[in-house]
Amino acid sequence: MGKDQEAQVGVSISGSVATVLLDNPRQFNALTKDMCLHLVGAFAGLATNETVRTIVVRGAGANFCAGIAIDDMDQVPFDRDSAGELINHFDLLDKTISSCAKTTIAVVEGNCFGGAWQLASACDIQLASDDVRIAITPAKIGLVFPRPGIERLVRTVGEHRAKYLLFSGVKISIAEAERWGMFTKVVGSGQLEAEVAALVQQVAANSPYSIARTKEAINLLSQGEATESWWEAMWEENGENADLAEGRSAFLERRAPNYGGAGE
C-alpha cells in the first residue's frame, strides 16, 4: 500500500458533533501535504454546517500525531505555488483551526511529537490521556518551530520553559506537561472517552451565541485586537440576542433551554 493510500483524513458527524480523524498509521499519524489540504477543507466545510456545534480532532489507533511527515517536509511547510511563492500548509491548517467559529476539542493520547502539540493547541480545548508521550522536536532535524507554535508555546509555558522544550527536544512527562498548562485537562486513559462525551454534551446544552461570541472575544484579546468599538457593537447585540431571551425564559420556567442555534 502506497503512502497516499495510507495517509488520509476521516470526517464523521453524529448529532451536533463532528469527529476529524488523523489516519496515517505508517507514520504515527504524522501530517502529509494531502492530509493538511484535506484538513483545511474539512474544517471549512464543518464551519458552515449548521448542525455541527463541536469538532473533535483525534488520531486513529493509539496515537494522536507525530507532527509533520518527515518525507513530506519539503511539501508541508515549504511548498511553492506556480509563481514560486512559499506556501506553509501547516500554518494554514493552524489558522483554519484556530479561527474556526465552532468549539474545537483535541483528544490527545499516545504519541504527541513535533508539531502535534501545536496542532492540538490550535483547538479551543485539549483533553489528554495520562499515557501521552510528548516532545517538541524541530531542533533534532534542523527545523525552526512555526511562528504560531512558538508564540502559543511562549504564552502557555513562558519564555524559559519554551526555550527548554525547543532547544532540547526532550520528552517530558505528562505530569510536567499538565503542570505547565500544555493541556486543558489530563485524565486517566480509561476515563478519556467518558470525559470527551461529557464535554461535548455540556457544550451542546449551552447557548451557541454565547459560545461563539465568547470565543471571538478571547481570540481578539489574545491577539490584542479587541477594540472598544467591537465590544460596544457586541454588547448592543448581546442584549437583544434570541438565546438570551430563551435562556431567561427557561430559567424562570425551570426547564432546559431549547436554543436550536437561534442565536448564532
Across the stretch 201-215, what is the number of residues that are under 17 Å from E236 (Cα atoms), surrounded by fewer than 19 Cβ atoms within 10 Å (Cβ to Cβ) and among the hydrophobic types (A, V, I, L, M, F, W, C)? 1
Can you work out which of the residues in the stretch 6-15 that are open to solvent by less than 50 Å² (accessible area, probe 1.4 Å) and at pLDDT 95 or above is farthest from D71 (Cα to Cα)? G10
Restricting to the stretch 82-93, count the residues that are open to solvent by less than 10 Å² (accessible area, probe 1.4 Å) and free of Cβ contacts under 8 Å to residues at least 60 places away in the same chain. 1
Among R133, R152, R161, the single one that is over 20 Å from the mean Cα position of the chain (by Cα) and surrounded by 15 or more Cβ atoms within 10 Å (Cβ to Cβ) is R161
Among what's in the stretch 196-253 and is under 26 Å from V186 (Cβ atoms) and either touching a helix residue (DSSP H, G or I) at 6+ places or on another chain (Cβ under 6 Å) or of a type in the set (S, T, Y) (or both), pick the residue that is modelled with the lowest pLDDT. S222
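The values are calculated or read from the model by the stated rules, or taken from the named source; none is laboratory data. Please read all numbers here as calculations on a predicted model, not as lab measurements. Neighbour counts are summed over all protein chains in view; Cβ atoms, including those assigned to glycine, are modelled from backbone coordinates with ideal geometry. When the accessible area is computed, the model is the full protein with side chains, heavy atoms only, and any ligands, DNA or RNA have been set aside. Shrake-Rupley method; radii C 1.70, N 1.55, O 1.52, S 1.80 Å.
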